[in-house]
Amino acid sequence: MEQILVNGAYLGAQYALIALGLTLIFALMNVMNFAHGQMYVLGGFVTYTIYGQLGMPYALALFVTAITLAVVGAVVEKFLFRPVIKRSQRDESTMLLAAGLGFFLDAVILLVFGEKQRGVPKLINGVFNWDFRVIMPYDRILIFALAVACIIGFMLFMQYSKTGRALRALAQDRDAAQLMGVDVDRYGMTGFALGAMLAGIVGGLLVTITGVNLGMGGPTSTKAFMMVMIGGAGVIPGAIFGGLILGFMESILLSTLASYGDITYLVIFVSLMIFLAIRPNGLMGKPWG
Amino acid sequence: MLKLENIEHYYDHVYALKKVSIELNEGETVALIGANGAGKSSILRIITGLNKPKSGTVTFQGKAINKMSPSQIVQAGIVMVPEGRRVFPYMSVRDNLLMGAFSRSSKTEIKNSLDQVLERFPILQERYNQSAGTLSGGEQQMMVIGRALMAKPKLLLLDEPSLGIAPKLVAEIARAIIQINKEEKVSVLLVEQNSRMALRISHRAYAMTTGSVAISGKSADLLEDDRIRAAYLGGEV
Ligand SMILES: Nc1ncnc2c1ncn2[C@@H]1O[C@H](COP(=O)(O)OP(=O)(O)O)[C@@H](O)[C@H]1O
Ligand SMILES: [Mg+2]
């Protein structure tokens, strides 16, 4: 049992970080970024290249990954989403754009990095073993700690920095934020860059454990979308809860349902549908325009 | 100080403003009165840059501002308290007030403004760490006026500050507007459907009907004007 909970927390922390990025972009731009999983994969490949291929320090690789994805996010916002939002009255336009961007990133990743599964050298060796009740390799513990640190860092940034306050204001009332002098273009771009950066960081973290491959993008986008729906779209604590809930569900169901075959995701999807029928706004969904 | 010339505006081919010209001198409180749908909010949204006029010009301190972005206009010194208050509901009173100072950078000056606002509206001190969404309508109205003052505006635009507020608090807000104009030397453009209150606390006024200015003049004179009494003051004495 302890093992299942530890696995759940480990998964949940990564998921929460992915969901935070997605929910931030949604709260600010009203855009469901269906390319989020592809950004995560791209982050994994950047870390793979710098740490795995070039043999540079992991910390540097993670830093470059964060910067790269932030730039990708900023460019995508400025040249794709912003013009479409300005011209189109319909939410569907940005959904299509996001889905298209996902396919585009898949193609770019295929061209640049190929379709093979890629792994990197282990960060640290050794396994933590508590009486055979909890067994956890040290590198997983490190990655878990890094993910938690990123979540805390992000929340402190949103709560206490001037930029974070402006981003929250923009999400809560776009007109009022502008009337306080917040430049929507600039802060929309900042938010998009931050969201993409979070996705990239998770890719850079998880490539050291599970490796990375092209096929992970789509499913990760779907999972991120689910977590945000569970927690409530556009709400920061919602994203964290959604991530943790999905992480724990996966870890618990994978072990308890193992004997019934590969039905974990079927059960998760069905429970999500029932849950959303009862609470369409998710756990803490607030009507944030 | 502020000059609107021949402003025209329409939404989806429906005319909202027809050749509106309005002027405000430094130090004045000018009222803009008129029924629901007359176009008062549209004028304020054009001044703040949230909407762009289809034609006409807006000048502020001799500079055309009708092509500037809302954030540039805030930097220039025009700050609006929007209709319906528009608090940031999930932020604390403190964070709402600090958002007001977003366009400023000196920490000590911001702190001074914060102290002044809390002194002017002591209720905000009591509610300081509460979410703004949990405040009463009157408290929210004081908070958003305080939030606007945090920007240290030269010109304050108020869109129906008495809307949906208990009568006792309306008097308090009216008093605050007079003080802000007199003591802090902030010029005020006050939009109101509560015409009597607006005419009492303003120097001059413009009365609007469906998209254009019908009557303008000194507020004291308008209070005695028969046309104004009939159309805007409900015919009472
Ligand atoms: N966003 C909008 N879209 C379409 N019509 C609008 C919009 N905002 C205002 N209008 C119309 O413009 C006219 C003026 O509205 P407004 O400026 O809000 O008047 P007021 O503030 O005096 O009540 C009204 O007829 C209103 O229906
Ligand atoms: Mg109005």
For a quick check: with amide H placed at 1.01 Å from N, whose amide H comes under 5 Å from B:Val188's, ignoring anything fewer than 5 positions away on the same chain?
B:Glu28, B:Thr29, B:Val30, B:Leu156
Note down the relative contact order for chain A as a percent, whole number, built from C-alpha pairs under 8 angstrom at least six residues apart.
39
Return the sequence-ordered ³J(HN,Hα) values of segment B:172-178 in whole Hz as given by the Karplus equation 6.51 cos²θ - 1.76 cosθ + 1.60 applied to θ = phi - 60°, using x for Gly and Pro.
5, 5, 4, 4, 4, 5, 4
Final fewest-first order of B:Ser69, A:Ser271 on the 10 Å Cβ neighbour count is A:Ser271, B:Ser69
Coordinate range along principal axes, alpha carbons of chain B, Å, largest first:
46, 42, 33
Chain B: relative contact order in percent, alpha carbon pairs under 8 Å with at least 6 residues between:
27
What number, rounded to the nearest 500 deg cm²/dmol, is the helix-based mean residue ellipticity at 222 nm of chain A, given -39500 (n - 2.57) per DSSP H run of at least four residues and division by all its residues?
-23500 deg cm²/dmol
Along Cα→Cβ, 7 Å out, is where each label goes; now give me the distance between the ones at B:Glu224 and A:Tyr265 in nm to one decimal.
8.2
If you take the square roots of the eigenvalues of the alpha-carbon gyration tensor of segment A:234-289 and sort them as a ≥ b ≥ c, do you get rounded (a/c under 1.5), prolate (a/b over b/c) or oblate?
oblate
Mind listing P(r) for the protein assembly as shown? All alpha-carbon pairs, 20 Å bins, whole percents.
20, 44, 26, 9, 1
Among DSSP beta bridges lying fully in chain B, give the percent that are antiparallel, nearest 5.
50
Check which residues have an amide H placed less than 5 Å from B:Ala214's amide H, if you skip close sequence neighbours.
B:Ala207, B:Met208, B:Thr209
Over 20 Å, how big is the tail of the calculated P(r) for segment A:13-214, in percent of all Cα pairs?
58
Does segment B:86-186 come out rounded, prolate or oblate, given a ≥ b ≥ c as the square roots of the eigenvalues of its C-alpha gyration tensor, rounded meaning a/c under 1.5 and, failing that, prolate meaning a/b above b/c?
oblate
Karplus ³J(HN,Hα) for segment A:261-272 (6.51 cos²θ - 1.76 cosθ + 1.60, θ = phi - 60°; Hz, whole; x = Gly/Pro) runs x, 8, 10, 3, 5, 4, 4, 4, 5, 5, 5, 5
Order of B:Ile78, B:Ile201, A:Ile152 under a 10 Å beta carbon neighbour criterion, fewest first
A:Ile152, B:Ile201, B:Ile78
Nearest 10 degrees, 0 to 90: what angle lies between the long axis of helix A:91-113 and the longest principal axis of chain A (Cα atoms)?
50
For B:Glu160, other-chain or 5+-apart residues with amide H closer than 5 Å (H placed, Pro excluded) are B:Val191, B:Glu192
For segment A:124-168, listing trypsin sites (Lys or Arg not before Pro) in a DSSP loop whose Cβ sees at most 14 other Cβ atoms within 10 Å gives A:Arg133
Once phi is turned into ³J(HN,Hα) by the Karplus curve 6.51 cos²θ - 1.76 cosθ + 1.60 with θ = phi - 60°, what whole-Hz value does each residue of segment A:153-159 show in order, with x for glycine and proline?
x, 4, 5, 5, 4, 5, 7
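A short reminder: the numbers here are calculations on the coordinates, not readings from a lab. Keep in mind it's a predicted model, so treat the numbers as computed, not measured. Glycine also receives a Cβ, built like all others from the backbone with ideal geometry; neighbour counts cover every protein chain displayed.
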